[in-house]
Amino acid sequence: MSTFAFGTYRITDQNPLHIEALKEAIEGGIELIDTASDYTDGGAERAIGYVLDRTPDAIRNRVKIISKCNYVETKESLAKELDKSLQRLNQTKIDCYLFQNPEYFLYDAINKEMPKDAMLDAMYEHIFNMFSALEEEVENGKIDSYGISSDNFSKKSDAVDFLPYEDLIQLAQKAAHKLGHTTHSFSTIELAINILEQDGLKCAKWAKKNGLRVLATRPLNAHYNNLTFRLADYENSREYDYYLNELLEVSDDKLLKPLYNIIEQMDMNKHKFGWVGEYDTFLITQIMPHIQKALQNIDKSALEDLLRYIELFLVEYRKTVAYECSLRLRTELKDVFKECDKKLQECALEFLLEQKDIDYIVVGMKRPTYVQEILTLKN
């Protein structure tokens, strides 16, 4: 049976809610934290270090940390990334350090139109070099073990960018022998598995057969039939219409007509997003620049109140978009969730909890309320 790990993607030490969520998860019994050197530019690792420094030793000592190095090509780069992680975490050793996204080298070979055999040989050579560097870090006492994190383990085996995994144990053993070690310290595989993307279960089965630990990522963010789905139900906003009308009223004059038009178009298109993450990207890249342009000639004395109206509207708009997306998901995936009489996220997570070849399900818990929901399922 699986259990949960605290995923720190988008966690930062600058957000008090993130700090509180991490603290509550640790105190609630979460024993594994998954992070990476590039999550919020090191902010996730700093948050972990901050919370653990303020955690009683009896609790702190049972918490394990898995971190990952960013895209690296040499053992020197890997060592530098590891040292930075240790410093941010305020640790002398990390329990497990993962070589992240080796498929970038695979994509490079694909772009160069290398023959498949040559492409895989180059891929395996690079993994061997990274394993050798990681074996050295085990010897140096900076990590207890190492592994690989890649969503490409979850691809269909005939996909051009599928990352074969059957030879990884041999590569690790070869790297260990190179340093005079009798056994390797390769311990962990991390990959995307969810109720819609189940091909990764084949890799998980192989990993468990070979004594490796399996971490499943993206349990609620699924790529399926060339679409992205957020496997969750959301409640509709009760205050959306109120804030919409308030903002339209205050912007209904000649000077603010561009803003009025933006808000009106947003209201018309609130049901057209595939998933809430698509809206988040659209907000940053399209909506906010247009809003900023619409406000550039507004007197500063009136701008503060107007920005408050906009902020309140955007909070409720996102809730409405999320709700509309969950309605669409229920319709488009009715066959998958036809027996789900709970929240979609509960059904999706319970599916993973039942998988005997998954050790940990890495879940993002940016708010204490998310932690409480996960701890309820855990128990």
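The values are calculated or read from the model by the stated rules, or taken from the named source; none is laboratory data. Only a predicted model underlies this, so the values are computations on that prediction, with no experimental measurement involved. Every residue, glycine as well, gets a Cβ built from its backbone with ideal geometry; the counts of neighbours run over all protein chains shown. Heavy atoms of the whole protein, side chains included, go into the accessibility calculation; ligands, DNA and RNA do not. Shrake-Rupley method; radii C 1.70, N 1.55, O 1.52, S 1.80 Å.
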Restricting attention to the stretch 66-98, and to residues there that are open to solvent by less than 10 Å² (accessible area, probe 1.4 Å) and not hydrophobic (A, V, I, L, M, F, W, C), which single residue is farthest from Glu45 (Cα to Cα)?
Tyr97
Criterion (open to solvent by 30 Å² or more (accessible area, probe 1.4 Å) and either in contact with a strand residue (DSSP E or B) (Cβ under 8 Å, 6 or more places away or on another chain) or touching a residue at least 24 places away in the same chain (Cβ under 8 Å) (or both)) met by exactly one of Tyr124, Tyr165
Tyr124
Based on what the data block shows, is Leu333 surrounded by 13 or more Cβ atoms within 10 Å (Cβ to Cβ), within 17 Å of Ile195 (Cα to Cα) and in contact with a Leu (Cβ under 7 Å, 6 or more places away or on another chain)?
no
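Return yes when Asp95 is assigned to a strand (DSSP E or B), acidic (Asp, Glu) and closer than 22 Å to Val363 by Cβ and no when it is not. Break it down into steps so the answer makes sense when it comes.
Numbers: assigned to a strand (DSSP E or B): yes; acidic (Asp, Glu): yes; closer than 22 Å to Val363 by Cβ: yes.
The answer is yes for Asp95.
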Among (1) farther than 22 Å from His126 by Cα; (2) in a strand (DSSP E or B); (3) of a type in the set (Gly, Ala, Ser), which single condition is Ser187 missing?
(1)
Quick one: Glu190 ticks every box in (1) at pLDDT 95 or above; (2) of a type in the set (D, E, K, R); (3) over 18 Å from the mean Cα position of the chain (by Cα) bar one, so which box is it?
(3)
Identify all residues within the stretch 281-304 that are within 28 Å of Tyr323 (Cα to Cα) and either open to solvent by 80 Å² or more (accessible area, probe 1.4 Å) or without any contact (Cβ under 8 Å) to a residue 12 or more places away in the chain (or both); write none if there are none.
Thr281, Phe282, Ile284, Thr285, Gln286, Met288, Pro289, His290, Gln292
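May I ask you to list the residues in the stretch 127-162 that are assigned to a helix (DSSP H, G or I) and surrounded by fewer than 16 Cβ atoms within 10 Å (Cβ to Cβ)? Can you show your working first?
Just the residues of the stretch 127-162 that are assigned to a helix (DSSP H, G or I), to begin with: 127-139, 151-154.
If the condition is that a residue be assigned to a helix (DSSP H, G or I) and surrounded by fewer than 16 Cβ atoms within 10 Å (Cβ to Cβ), then Glu139 is the only one that fits.
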Name the single residue, out of those in the stretch 99-113 being open to solvent by 20 Å² or more (accessible area, probe 1.4 Å) and among the aromatic types (Phe, Trp, Tyr), that is farthest from Asp41 (Cα to Cα).
Tyr107
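Kindly indicate whether Arg60 is modelled with pLDDT of 90 or more and either in contact with a Leu (Cβ under 9 Å, 6 or more places away or on another chain) or surrounded by fewer than 13 Cβ atoms within 10 Å (Cβ to Cβ) (or both). Talk me through it step by step, then tell me what you get.
Details: modelled with pLDDT of 90 or more: yes; either in contact with a Leu (Cβ under 9 Å, 6 or more places away or on another chain) or surrounded by fewer than 13 Cβ atoms within 10 Å (Cβ to Cβ) (or both): yes.
Taking the combined requirement at face value, the residue satisfies it.
Scan the stretch 354-367 residue by residue and report those that are surrounded by 17 or more Cβ atoms within 10 Å (Cβ to Cβ) and either in contact with a Lys or Arg (Cβ under 7 Å, 6 or more places away or on another chain) or not hydroxyl-bearing (Ser, Thr, Tyr) (or both). Lay out the reasoning, then the answer.
Taking the stretch 354-367 and keeping what is surrounded by 17 or more Cβ atoms within 10 Å (Cβ to Cβ), we get 355, 357-366.
Within the stretch 354-367, Gln355, Asp357, Ile358, Asp359, Ile361, Val362, Val363, Gly364, Met365, Lys366 meet the criteria.
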Of (1) over 23 Å from Lys378 (Cβ atoms); (2) at pLDDT below 95; (3) small (Gly, Ala, Ser), Gly49 satisfies every one except (2)
Kindly provide the set of residues from the stretch 9-39 that are under 22 Å from Glu81 (Cβ atoms), in contact (Cβ under 8 Å) with a residue 60 or more places away in the chain and either within 14 Å of the chain's Cα centre (by Cα) or open to solvent by 50 Å² or more (accessible area, probe 1.4 Å) (or both), ordered by number.
Tyr9, Arg10, Ile11, Asp34, Ala36
Tally of residues being open to solvent by less than 90 Å² (accessible area, probe 1.4 Å), within 34 Å of the chain's Cα centre (by Cα) and without any contact (Cβ under 8 Å) to a residue 24 or more places away in the chain across the stretch 207-263:
1
From the residues in the stretch 62-90 that are touching a helix residue (DSSP H, G or I) at 6+ places or on another chain (Cβ under 7 Å) and of a type in the set (S, T, N, Q), which one is farthest from Leu134 (Cα to Cα)?
Asn90
Go through the stretch 39-61 and give me each residue that's of a type outside the set (S, T, N, Q) and out of contact with any helix residue (DSSP H, G or I) (no Cβ under 9 Å at 6 or more places or on another chain).
Asp41, Pro56, Asp57, Ala58
Please enumerate the residues belonging to the stretch 234-280 that are within 19 Å of Cys325 (Cα to Cα) and of a type in the set (Gly, Ala, Ser).
Ser237, Gly274, Gly277
